[in-house]
Amino acid sequence: MKYLTTLLAFVVMLGILVTIPRNASAAVENNTQSEIFAELSQAQSPAIVFTRVRNRFVKGKVFNVSRKNYVVAVYIYVDGGWWVKPTFKKPATQITFRNNFKTRLVTGGYDRLATKIQAYVVPRGFSIPLVAGDPTLPESILVNAIAMTSIAPTINFTYVPPYGSYEDLRGKVSNARPSEFKVVVFIEVYGVWWIKPYWDSPSTAINPTKSFYPHPSDGTFITDITTGGIDELATTIRAFLVPIGYPISGSTTQSSLIPIATDWIEVTR
C-alpha cells in the first residue's frame with residue numbers, strides 16, 4: 001500500500017505537467033509530450049496522464065498497462081460532490097490499441113462547471129463505484145487502482161510585497177477558467193483580519209488575457225493590499241480561490257470560504 005501511495009503521488013505530478021496548453025505550438029507540444037512519455041515508458045511502472053482537457057471531454061494516455069486487462073475510471077468534482085463519467089450505465093472508459101483514452105465529461109446537470117478531474121486505471125471487471133454527488137471518493141477505487149492522475153484549480157503567490165511596502169500582491173491561478181472563479185484576499189494587521197482591496201470591492205478578478213489551458217487566460221491576478229490604515233504592516237496574507245457565483249461582501253469570513261474554496265494559500269512576512 002505504501003508503494004501504491006508513492007506511485008500515485010508521482011503520477012499525479014506528471015499528470016499535471018503534461019496537460020498541454022491549448023495555444024502551445026505543435027512542435028513544443030509534441031516535444032514536451034514525447035520527452036515525458038519516453039520517461040514514463042522506460043520507468044516500466046503503470047502510469048496515466050491527461051494529454052488534453054476540453055470543456056466537454058478529456059483525453060489521456062496510459063503506460064505499461066494491458067488494455068485487455070484494464071480500463072479507466074473518470075470522476076469530476078462539481079458543486080461539492082464527485083460524479084462518475086461518462087454515465088452510470090457506462091462508467092468505464094476503454095483504452096485504445098495505442099494506449100489512449102477519451103471520456104466525455106459533460107453528460108448532464110452542471111458538469112460543465114466541474115473544478116476537479118481524476119482518472120484511475122482499474123482492473124477490467126472491477127465494479128467502478130457509481131458516485132453521484134458524494135463529498136469523497138470511496139476507498140475501493142484507491143485500493144484497486146494501479147495508477148491515477150488528477151487536475152484541479154490551484155492558487156499561488158508570485159510576488160509578496162515585503163513588510164512595510166505599499167506594493168501590490170501578485171499571484172497566479174492554474175487550471176481555472178477566469179469566467180468561473182475569483183480570488184478573495186485577507187490581510188492580518190496586529191491580530192485583526194481585513195478583506196482586500198476594499199470593503200465594497202472584496203474580490204479580485206483573474207486576468208482574462210489569452211494564454212494557458214484550460215481557457216483563454218494567463219491566470220494572473222493583482223490585488224492592492226494597502227488601501228487604508230496601516231495595511232503595510234500586515235504580517236499574514238491569505239488568498240482564497242472561490243467560484244465566481246459565490247457572494248462575497250465586506251463581512252465575508254474566512255471560515256465561510258474554507259469549505260467553498262477550491263484552493264487557498266497563506267504567507268507570513
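Looking at the range 64-75, can you tell me whether even one residue there is at pLDDT below 95, within 30 Å of F181 (Cα to Cα) and in contact with a strand residue (DSSP E or B) (Cβ under 9 Å, 6 or more places away or on another chain)?
Within the range 64-75, none of the residues are at pLDDT below 95, within 30 Å of F181 (Cα to Cα) and in contact with a strand residue (DSSP E or B) (Cβ under 9 Å, 6 or more places away or on another chain).
Of everything in the range 225-249, what is outside any strand (DSSP E or B), within 12 Å of V185 (Cα to Cα) and in contact with a Ser or Thr (Cβ under 9 Å, 6 or more places away or on another chain)? Give them in sequence order.
T226, I248
Please find, within the range 172-196, the residue that is farthest from the chain's Cα centre (by Cα) out of those that are in a strand (DSSP E or B) and closer than 14 Å to V242 by Cβ.
Result: I195.
Here is a list: K89, K102. Which entry is modelled with pLDDT of 50 or more, surrounded by 12 or more Cβ atoms within 10 Å (Cβ to Cβ) and in the same structural domain as P123 (by TED's automatic domain parsing)?
K102
Go through (1) in contact with a Ser or Thr (Cβ under 8 Å, 6 or more places away or on another chain); (2) over 29 Å from A38 (Cα atoms); (3) surrounded by 13 or more Cβ atoms within 10 Å (Cβ to Cβ) and name the single condition G81 misses.
For G81, the failing item is (1).
What pairs can you find where one residue is in the range 26-43 and over 17 Å from R98 (Cα atoms), the other is of a type in the set (V, I, T) and at pLDDT below 70, and their Cβ atoms are less than 6 Å apart, with a gap of 6+ or different chains?
So the pair list comes out as E29/I20.
For the range 208-248, enumerate the residues that are hydroxyl-bearing (S, T, Y) and at pLDDT below 95.
Once the filter is applied, which keeps residues that are hydroxyl-bearing (S, T, Y) and at pLDDT below 95, the range 208-248 yields T209, S211, Y213, S217, T220, Y246.
Residues that are among the aliphatic types (A, V, I, L, M) and under 14 Å from V74 (Cα atoms): find the strands (runs of 3 or more DSSP E) completely inside the range 121-164 holding 1 or more of those.
The strands (runs of 3 or more DSSP E) meeting that bar are 132-134, 147-151.
Out of G229, G219, which single residue is within 30 Å of R56 (Cα to Cα), in contact (Cβ under 8 Å) with a residue 12 or more places away in the chain and of a type in the set (G, A, S)?
Result of the check over G229, G219: G219.
The values are calculated or read from the model by the stated rules, or taken from the named source; none is laboratory data. Values in this document were obtained by computation on a predicted structure and should not be read as measured data. Methodologically, a virtual Cβ is constructed for each residue, glycine included, from the backbone with ideal geometry; neighbour enumeration extends over all protein chains shown.
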